[in-house]
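The values are calculated or read from the model by the stated rules, or taken from the named source; none is laboratory data. Every value quoted in this text rests on a predicted model; they were computed, and no experiment measured them. Don't worry about glycine lacking a Cβ; one is built from the backbone with ideal geometry, like all the others, and counts go over all protein chains shown. Ligands, DNA and RNA are excluded from the accessible area calculation, which covers all protein heavy atoms including side chains. Shrake-Rupley method; radii C 1.70, N 1.55, O 1.52, S 1.80 Å.
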Amino acid sequence: MPHTVITSAVRVPWHSHHGGHDRLLDYLPGAHGVTAPQGIAGRKVTSAAHHWLRRRCPLPFYPAEHFATDARVLTSRGPAHVLYGDEQFWFSRHRPGPTAVTYHQPPAHLSRFMPAAAWRQLAARANQIITLAPNQQAFFADHVPTERVHLIPHGIDTAAFTPARVPDTAARPLVLTVGWWLRDWDALDAVHYRLHRRHGNDIKLVVVTRQANRRTWHPAARVVEGITELTLTQLYRQAAVVFLPLADVTANNALLEALACGTPVVATDTGGISYYTGDGPAADLTPPGDADAAAGAVEMLLGELGTAAHASRRAAARERAELLAWPRIADQVRSVYRLLEDER
């Protein structure tokens, strides 16, 4: 990149240290991340401005930190990349320099933010739009020319998330579920019920999530939150299968982290999931809302433990993640940055 690209660098608080889309910046040395003011005076000014201007922004999640980075991107004049357009690209849409914007949420979720006419006006202010999954393509192609809409997948840190050197085959099999956003909890409950009825305490059911006390879980499930990335990685490595019941999705950090740790996945075939898993043995995808199919897929993987088939699944999971390693993704993002340079 011949010129610096200003990027909005916001950490999503529930992402692990090496997870999240902002990790892309580690592989783009020519990108300059801007953050919210850290000093007391700067935070006070930001908070006051946010209090008065927040009501003018229709984005449902637009905290003071995101407003602050949005304002800093607005005042910059060179090429810029807004990494979380769903939560930041509002006031910065008026900036004079060329801008790329990445969107994360599924189309159905985006359409609830604003009416189509408002989206058309907002999308037109982005010179280039980056989508994370094919299910977003048509949504943005309805608002801007298709050549300005780019499909670039979410990446994964394959150095931080790695398989176990020697899988522990003696321990009780672990069925692991990670995450909270757009999850199908009814399907999870149904699968937990069926698995526990059949296997009892011969298997472990673990859920890593936010707001663990907000709902009732199956009594046999161990539900945890606020764990370290090291503990999370160890759970991925120990798991016989990661079960991801989803209501909708584009990219999914838990999916990518599990694959990078060499753990096969059972997930709902919705949104962008198949784009990330591919057609190989790394993942079994089941129809939305079909708890019986999901439970059957989990039980099939449990039945394969200790076999060559399961070892093949683990190898395939890691191979799939390596195709999505951040250096590969960064190369694709650079191609969009070159387009921004051409528009200076």
Net lengthening on full extension, R198/D186 (0.36 nm per residue, minus Cα-Cα): 2.5 nm
Sites D26 and E343 - FRET efficiency at Förster radius 22 Å, r taken between beta-carbons, to 0.05: 0.30
Length added when fully stretched, Q38-A159, from 0.36 nm per residue minus Cα-Cα: 40.6 nm
Per residue accessible area of the range 285-326, 1.4 Å probe, in Å²: 43
Calculated FRET value between R222 and A315, using beta carbons and R₀ = 35 Å, to 0.05: 0.80
Highest average packing first - 24-30, 94-100, Cβ atoms within 10 Å: 94-100, 24-30
In Å², nearest 10: area of H196 left accessible to a 1.4 Å probe: 60
Helix-only [θ]222 nm of the chain, DSSP H runs n ≥ 4, -39500 (n - 2.57) each, per residue, nearest 500: -11500 deg cm²/dmol
The range 43-169 - accessible surface per residue (Å², probe 1.4 Å): 44
Candidate residues E304, E65: accessible-area rank, largest first, probe 1.4 Å: E65, E304
Contact order normalised by residue count of the range 71-171, Cα under 8 Å, 6+ apart, percent: 21
Per-residue ³J(HN,Hα) for the range 280-292, Karplus 6.51 cos²θ - 1.76 cosθ + 1.60, θ = phi - 60°, Hz, x for Gly and Pro: x, x, 5, 8, 10, 9, 10, x, x, x, 9, 5, 5
Dmax and Rg, reported as Rg then Dmax, of the range 7-153 (C-alpha, Å): 14.9, 44
Local electrostatic count at T46 - Lys and Arg +1, Asp and Glu -1, tallied over other residues with Cβ under 15 Å: +2
Contact order normalised by residue count of the chain, Cα under 8 Å, 6+ apart, percent: 17
Fully extended contour minus Cα-Cα distance, from R125 to F113, at 0.36 nm per residue: 2.6 nm
Paramagnetic reach from R77 in the range 90-105 [backbone N under 16 Å; point 7 Å along Cα→Cβ]: 95-99
Packing-based order for 224-234, 11-21, using average beta carbon neighbours within 10 Å, highest first: 11-21, 224-234
Alpha-carbon centroid distance for the pair the range 149-193 / the range 103-125, whole angstrom: 29
